[in-house]
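J.: Below: one structure in structure tokens.
The values are calculated or read from the model by the stated rules, or taken from the named source; none is laboratory data. Given the structure is predicted, the values throughout are model-derived calculations rather than measurements. Quick reminder, even Gly has a Cβ in these numbers, built from the backbone with ideal geometry, and neighbours come from all protein chains shown.
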Amino acid sequence: MVTRVTTSGNYSAVLTNLLAAQQRQADAGDRVSTQRNGQNLKDYAKSSELLTAMRTVQTRVGVFQDQNSLIADRLANQDASLVRVADAAQSIRERMADAIASGRVDGLVEDIQAQMNIAVDSMNASYSGKYLFAGGQVDTKPVTASTLADLTVPPAVIADFFKNDDFKVKAKLDDATSVTAGVLADDIGTDLLTALQTFQTFNQGPNGPFTGAMTNAQKTFLEGQLASWNTIRADVTLIAAQNGTNQKRVDDVATDLEARQTSLTIMLGDITDANMAQASADLEQASLSVQSSAYVFQTLKSSSLINFLR
């Protein structure tokens, strides 16, 4: 059998090789320039379902990361406020102990008022324009008492000074972990304001006011108050510790989410990211093929079977 050799057949074969080499060159060039194996899911037909699923998971993890960042900031602000309330309770206790030791109560009322201001301001702390300890009433200041005198104005019911409701913020940290991040002002300050009310009632009573040298009645009263302030400080510190436990859980989940995000990024990269060494080699090889095919095509143009038949 004799294979027919024609000029048109040779042109067709060489042109086909040239176009194929140019396509390989373009594909390799795209991989080198974009560092990707494709531009859309169509280019990853064999792995499209896997890529879609992985990107869905990656988006979900990203949402959890954003939410956890907000929760972590909230908990950090709550911690700072709770520590200030506990410190204020400790300072009141120390000021009373100092007065007992010195036998004088000069400035005692003013010092306790200053610590009350710190405690109330801390319970009225806000984050992103919303009150932290107000429950669901985020636009309403949770503690309305501002002075010792407020605490003894009839009917002077301590619960009336708190405007928070019972709602506590809960957050889902990931698919399996949730925390109760909210703390309520009345949980923090009911005992504190009650003790301050007791102090102010005594200060306004027949054995007051607290000025100058301490009387026996005042000494007995203050000595009886020390244990209460120890308990108040301890209780607020316990709430702060529980808040700290939630901070630790958020940090642990954040670390896990970061690891999952990194793993997903690597897995996606294994599918979508080009092997640059291979892509560069393919580009070089395709460029040589284009040059060779072009040279053959150019040579064929200057030759003809007619020249051999003459």
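J.: Name every residue in region 163-206 that is within 33 Å of the chain's Cα centre (by Cα) and assigned to a helix (DSSP H, G or I), in order of residue number.
T.: Those that are within 33 Å of the chain's Cα centre (by Cα) and assigned to a helix (DSSP H, G or I): 185, 186, 187, 188, 189, 190, 191, 192.
J.: Has region 63-72 got at least one residue that is loosely packed, with under 15 Cβ neighbours inside 10 Å, farther than 29 Å from residue 135 by Cβ and either modelled with pLDDT of 95 or more or among the β-branched types (Val, Ile, Thr) (or both)?
T.: no
J.: Quick check on my filter: what residues within region 130-152 are over 26 Å from residue 201 (Cβ atoms) and of a type in the set (A, V, I, L, M, F, W, C)?
T.: Listed by number, the residues that qualify are 132, 134, 138.
J.: Continuing with this model, one more query. Looking at region 72-95, I want the residues that are within 23 Å of residue 228 (Cα to Cα) and have a partner that is among the hydroxyl-bearing types (Ser, Thr, Tyr) and crowded, with 21+ Cβ neighbours inside 10 Å with Cβ atoms under 7 Å, at least 6 apart or on another chain. Which pairs are those?
T.: Filtered contacts from region 72-95: 81/122; 84/122; 85/122.
J.: Quick one: would you say residue 265 is at pLDDT 95 or above and not hydrophobic (A, V, I, L, M, F, W, C)?
T.: Spelling it out, it is not the case that residue 265 is at pLDDT 95 or above and not hydrophobic (A, V, I, L, M, F, W, C).
J.: Under the condition of being in contact (Cβ under 8 Å) with a residue 12 or more places away in the chain and among the hydroxyl-bearing types (Ser, Thr, Tyr), which residue from region 174-186 is surrounded by the fewest Cβ atoms within 10 Å (Cβ to Cβ)?
T.: Of everything passing the filter in region 174-186, 180 is surrounded by the fewest Cβ atoms within 10 Å (Cβ to Cβ).
J.: Next up: Among the residues that make up region 109-123, is at least one of them surrounded by 14 or more Cβ atoms within 10 Å (Cβ to Cβ) and part of a loop (DSSP other than H, G, I, E, B)?
T.: The answer is no; no qualifying residue exists.
J.: Next question, about the same structure. Can you pull out every residue in region 67-105 that is acidic (Asp, Glu) and under 22 Å from residue 193 (Cα atoms)?
T.: Answer for region 67-105, where residues must be acidic (Asp, Glu) and under 22 Å from residue 193 (Cα atoms): 79, 87, 94, 98.
J.: Checking residue 135 against (1) of a type outside the set (D, E, K, R); (2) part of a loop (DSSP other than H, G, I, E, B); (3) more than 13 Å from residue 188 (Cβ to Cβ), which single condition isn't satisfied?
T.: (3)
J.: When you check residue 279 against the structure, is it among the aliphatic types (A, V, I, L, M) and at pLDDT 85 or above, yes or no?
T.: So residue 279 does not fit the description; no.
J.: A follow-up question, please. Keeping to region 73-95, report how many residues are buried (at least 18 other Cβ atoms within 10 Å of the Cβ), out of contact with any Phe, Trp or Tyr (no Cβ under 7 Å at 6 or more places or on another chain) and under 16 Å from residue 222 (Cβ atoms).
T.: Residues in region 73-95 being buried (at least 18 other Cβ atoms within 10 Å of the Cβ), out of contact with any Phe, Trp or Tyr (no Cβ under 7 Å at 6 or more places or on another chain) and under 16 Å from residue 222 (Cβ atoms): 3 in total.
J.: With 134, 149, 171 as the choices, which residue is in contact with a helix residue (DSSP H, G or I) (Cβ under 8 Å, 6 or more places away or on another chain), surrounded by fewer than 21 Cβ atoms within 10 Å (Cβ to Cβ) and over 29 Å from residue 222 (Cα atoms)?
T.: 171
J.: Give the residue, chosen from 262, 245, 255, that is more than 18 Å from residue 72 (Cα to Cα), of a type in the set (Val, Ile, Thr) and either in the same structural domain as residue 178 (by TED's automatic domain parsing) or not in a helix (DSSP H, G or I) (or both).
T.: 262
J.: What are the pairs with Cβ atoms under 7 angstrom where one residue, in region 191-209, is of a type outside the set (Ser, Thr, Tyr) and the other, located anywhere, is not in a helix (DSSP H, G or I)? Sequence gap at least six, or different chains.
T.: Pairs found: 193/145; 196/148; 197/156; 200/148; 202/208; 203/209; 203/210; 207/215.
J.: Got a sec? Which of 119, 114, 134 is more than 30 Å from residue 69 (Cα to Cα) and either assigned by TED's automatic domain parsing to the domain that holds residue 184 or in contact with a strand residue (DSSP E or B) (Cβ under 7 Å, 6 or more places away or on another chain) (or both)?
T.: Testing whether each residue is more than 30 Å from residue 69 (Cα to Cα) and either assigned by TED's automatic domain parsing to the domain that holds residue 184 or in contact with a strand residue (DSSP E or B) (Cβ under 7 Å, 6 or more places away or on another chain) (or both) leaves just 114.
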